[in-house]
Every structure is written in C-alpha cells, then in structure tokens.
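Data first, discussion second: the structure below is written as structure tokens.
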Amino acid sequence: MANEIRATLRVSRTQSSDSFKFEFNPGTVQVDQAAVGEGGQVYTIGTSEEAISFVDITTEGWLTMQNLDATNYVDWGPEDGGAMIEMGRMEAGEPAAMRMFPGATLRLKANTAACQVLVKVLED
C-alpha cells in the first residue's frame, strides 16, 4: 500500500489596515499507512484533565481533533507523570492535526464547561 493518508494544511493572514501578509502552504503530504485501522470518537471533555486512549489500534499515527463546542476552548497535550503538559489549544470550533508519537498518551481539558471534541487517530 502507498499514500493512503493525505494531509493538507494552509494558514494565511491578511489585514486591511496594514500590508502585512503571511502564508504557510506546504501543500498536501502523502503518507503510507502500514496497517489499516483507526480509533477515536466524539468525547465529552470536562474541566479536569482526561486521558484519551485508542484501544482499536496498535501504533498511533495521524491524529485529528476538532472542538465541537460553540463557546469554550479545550487545552491538549501529552501526558507526563500522570499529568498533561499543555501544548495546544483549540478555541471553539477549531481543529488540530499532527502525527502522534507511538505510545504517547493524549490528554485534554475543557476551560469553563464540558465540550464535545471529535478525536480520531489513524493507525501508523
């Protein structure tokens, strides 16, 4: 098998009040998937840190998440010593994506009230 996973990222910024422009557009990355599989679902994330486990796969690969809440943000990061190292934040409605380190534990925590978060990881 080859190029089963495709990821595209584009971030740009323009502001009419000045001439500053920024664009990051590396295009589409194609990745081989050694074993077919995926894990995850929509989780209700509370205001205390919660570990997310992916029991349906052997080796974590590409992780995608989206905060489905319309108001609150969700912090996320890897687990170290049973606690989350805050590494990222998804504001209301925002997505996040990256390749996971195999065997790492992902933790999430909502800010003010519980949030629905779609979390999916593809087998590496």
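Observations
- Within region 1-38, being assigned to a strand (DSSP E or B) and aliphatic (A, V, I, L, M) holds for Ile5, Ala7, Leu9, Val11, Val29, Val31.
- Residue, nearest to Val117 (Cα to Cα), within region 69-98, restricted to residues that are in contact with a Leu (Cβ under 7 Å, 6 or more places away or on another chain) and touching a residue at least 40 places away in the same chain (Cβ under 8 Å): Val74
- Members of region 69-94 found to be closer than 16 Å to Arg107 by Cα, touching an Asp or Glu at 6+ places or on another chain (Cβ under 6 Å) and either in a loop (DSSP other than H, G, I, E, B) or modelled with pLDDT under 95 (or both), listed by number: Tyr73, Glu86
- Test result for Gln66, in contact with a Pro (Cβ under 6 Å, 6 or more places away or on another chain) and either touching a residue at least 40 places away in the same chain (Cβ under 8 Å) or not in a strand (DSSP E or B) (or both): yes
- Filter pass, Ala110 being modelled with pLDDT of 90 or more and either surrounded by 18 or more Cβ atoms within 10 Å (Cβ to Cβ) or on the phi > 0 side of the Ramachandran plot (or both): yes
- Residues considered: Glu91, Glu86. Of these, the only one that is in contact with a Phe, Trp or Tyr (Cβ under 6 Å, 6 or more places away or on another chain) and exposed (fewer than 14 other Cβ atoms within 10 Å of the Cβ) is Glu91.
- Of the residues making up region 33-55, not a single one is surrounded by 12 or more Cβ atoms within 10 Å (Cβ to Cβ), more than 27 Å from Tyr73 (Cα to Cα), free of Cβ contacts under 8 Å to residues at least 40 places away in the same chain and of a type in the set (A, V, I, L, M).
- Residue under evaluation Leu9, criteria (1) under 20 Å from Lys109 (Cβ atoms); (2) at pLDDT below 90, criterion not met: (1)
- Residue count for region 95-105 under the criterion of being under 21 Å from Thr59 (Cβ atoms) and modelled with pLDDT of 95 or more: the result is 1.
The values are calculated or read from the model by the stated rules, or taken from the named source; none is laboratory data. Not measured: the values here are computed from a predicted model. Using ideal geometry, Cβ is built from the backbone for each residue, glycine included, and neighbour counts are taken over all protein chains shown.
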